[in-house]
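For reference, the structure is listed below as structure tokens.
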Amino acid sequence: MEDIRVIIDDAAARGIYRKTVLSRSTDKSIRRCTVSLFRSSHGQTEAQCEYLRQDGKAVHENFPPELLGKRITELLSGYRQADILTTAGSCTVMISHSGSMHIKNGIKTDGGERAELKTHDRDKQRFLSPDAPFLRPLGISDERGRVLDSRRSKYRQINRFLELLDDVYPKLPQKGTLTVCDLCCGKSVLAFAVYHYLTSVRGREVDMYGVDLKPDVIELSERIARESGCAGLHFVCGDVSRFTPPSPPSLVLSLHACDTATDYALINAVKWNTKVILSVPCCQHELFKQIKNELHQPMLKHGILKDRLTEYLTDGLRGLKLEACGYHVSMIEFTSLEHTARNIMIKAVKSNAVGAAAKAKKEAAQRQYEALRDFYHVHPTIEQLTE
């Protein structure tokens with residue numbers, strides 16, 4: 001426990017600490033606990049535990065930040081896993097039922113950007129208000145600006161997406177018109193929300209394109225954009241694999257694009273040299289029929305296990321391919337499993353690094369990709385991705 005406390009306190013002292021997620025609770029009424037630092041309304045740094053209960057409700061506990069490491073090690077007695085997240089890497093702690101502990105520390109001893117502390121006001125703020133004019137015609141809210149009960153999950157998903165976009169916003173060009181593409185935009189709730197965030201919250205001039213194969217949803221989205229005064233928001237009916245925007249986008253989004261449509265979104269984004277990619281994949285079926293591995297066959301004979309393995313394998317290969325093309329890649333929780341089973345986001349930010357070290361890093365990712373691909377005898381669509 002002392003080793004864990006030292007790791008946490010060191011990260012906090014260096015200003016790189018983001019949060020610790022405690023999971024696999026021994027208390028069946030608690031799903032997980034998140035311990036983070038935040039900036040109070042008085043400008044003071046404070047610490048907080050958020051306990052997410054199985055019924056979906058959250059309970060909060062505030063405590064002095066200097067007790068961060070001590071409090072987390074105390075909490076560990078009620079959990080089997082802790083993930084300590086920092087800007088310089090992460091550390092995972094696993095505790096067996098017998099009490100033995102395994103620590104896998106991937107936090108670098110130097111480097112890492114300073115973590116930005118959120119404020120209480122921002123944590124409670126929704127970037128997208130339920131009375132936004134475009135939400136009613138999109139079927140999210142009613143005439144009084146209240147979110148419909150049946151659409152609360154979607155509303156939370158979109159606000160979560162905006163929170164994650166806000167985190168990477170500093171990586172986007174800070175001057176001039178931002179070109180953005182939402183590939184496989186569907187009913188375009190995300191496209192409208194991102195356009196609102198960039199124009200109304202950030203005050204940017206935006207040229208945004210939503211692309212989808214369904215003529216009816218594109219026609220509806222175009223009409224809502226006109227009626228809502230979203231002059232820079234455009235919709236195109238077509239195949240994302242063949243779409244080319246008028247100018248290369250700085251930001252490419254893809255929310256729940258089915259199967260290989262996510263791959264084509266990523267392929268296009270890299271081809272356009274996109275600075276930031278945020279993609280939440282959906283229904284990865286392609287590798288289910290391809291995967292072959294004699295060692296894993298006793299597991300692969302069970303359809304549900306095979307399905308989940310191929311989902312993780314698909315996203316793992318996508319991440320390695322993006323790294324091989326010079327992107328910093330993170331796989332993060334998009335939203336709670338109670339809202340959607342498709343809750344992994346691929347966050348990729350183009351690296352500015354050049355030279356021998358950067359080249360070696362890309363080559364290593366490509367070798368890892370090929371080794372993993374060949375181990376399972378698969379040929380994914382993301383194979384087409386080249387820098």
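For the subset of segment 327-345 comprising residues that are part of a loop (DSSP other than H, G, I, E, B) and among the hydrophobic types (A, V, I, L, M, F, W, C), which member is modelled with the highest pLDDT? First the steps, then the outcome.
Restricting attention to segment 327-345, the residues satisfying the condition of being part of a loop (DSSP other than H, G, I, E, B) are 334-343.
Remaining after also requiring among the hydrophobic types (A, V, I, L, M, F, W, C): 334, 337, 341.
Values: F334: 78, L337: 43, A341: 51.
Filtering first and then ranking leaves F334.
Taking segment 12-38, which residues are of a type outside the set (V, I, T) and more than 20 Å from G112 (Cα to Cα)? Outline the logic, then answer.
Narrowing segment 12-38 to residues of a type outside the set (V, I, T): 12-15, 17-19, 22-25, 27-29, 31-33, 36-38.
Within segment 12-38, L22, S23, R24, S25, D27, K28, S29, R31, R32, C33 qualify.
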What pairs come up if the first residue lies in segment 154-177 and is in a helix (DSSP H, G or I), the second is among the hydroxyl-bearing types (S, T, Y), and their beta carbons are under 6 Å apart, counting only those six or more places apart or on different chains? Q157/T335; R160/T335; L162/Y197
For segment 1-37, give me each residue that is open to solvent by 30 Å² or more (accessible area, probe 1.4 Å), part of a loop (DSSP other than H, G, I, E, B) and of a type in the set (A, V, I, L, M). M1
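Rundown of residues vs (1) closer than 30 Å to I84 by Cβ; (2) over 15 Å from the mean Cα position of the chain (by Cα); (3) part of a helix (DSSP H, G or I), yes/no style:
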position: E311; (1), (2), (3): yes, yes, yes
position: L317; (1), (2), (3): yes, yes, yes
position: K347; (1), (2), (3): yes, no, no
position: V354; (1), (2), (3): no, yes, no
position: A358; (1), (2), (3): yes, yes, yes
position: A364; (1), (2), (3): yes, yes, yes
position: Y369; (1), (2), (3): yes, yes, yes
Do we have any residue at all in segment 100-109 that's in a loop (DSSP other than H, G, I, E, B), in contact with a helix residue (DSSP H, G or I) (Cβ under 6 Å, 6 or more places away or on another chain) and open to solvent by less than 80 Å² (accessible area, probe 1.4 Å)? no
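Got a sec? Which of E50, E66, E46, E61 is surrounded by fewer than 18 Cβ atoms within 10 Å (Cβ to Cβ), free of Cβ contacts under 8 Å to residues at least 12 places away in the same chain, not in a loop (DSSP other than H, G, I, E, B) and not aliphatic (A, V, I, L, M)? Working first, answer last.
On the way: E50 fails: free of Cβ contacts under 8 Å to residues at least 12 places away in the same chain; E46 fails: free of Cβ contacts under 8 Å to residues at least 12 places away in the same chain; E61 fails: free of Cβ contacts under 8 Å to residues at least 12 places away in the same chain.
After applying the criteria, what remains is E66.
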Enumerate the pairs (first residue in segment 287-303 and free of Cβ contacts under 8 Å to residues at least 12 places away in the same chain; second residue anywhere and assigned to a loop (DSSP other than H, G, I, E, B) and open to solvent by 70 Å² or more (accessible area, probe 1.4 Å)) with beta-carbon separation below 9 Å, excluding pairs fewer than 6 apart on the same chain, so at least 6 apart or on different chains. L300/K292
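The values are calculated or read from the model by the stated rules, or taken from the named source; none is laboratory data. Note that the structure is predicted; figures quoted are calculated from it, not measured. As a convention, Cβ positions derive from the backbone with ideal geometry for all residues, glycine included, and neighbour counts pool all protein chains shown. Side chains included, ligands, DNA and RNA excluded: accessible areas come from the protein's heavy atoms. Shrake-Rupley method; radii C 1.70, N 1.55, O 1.52, S 1.80 Å.
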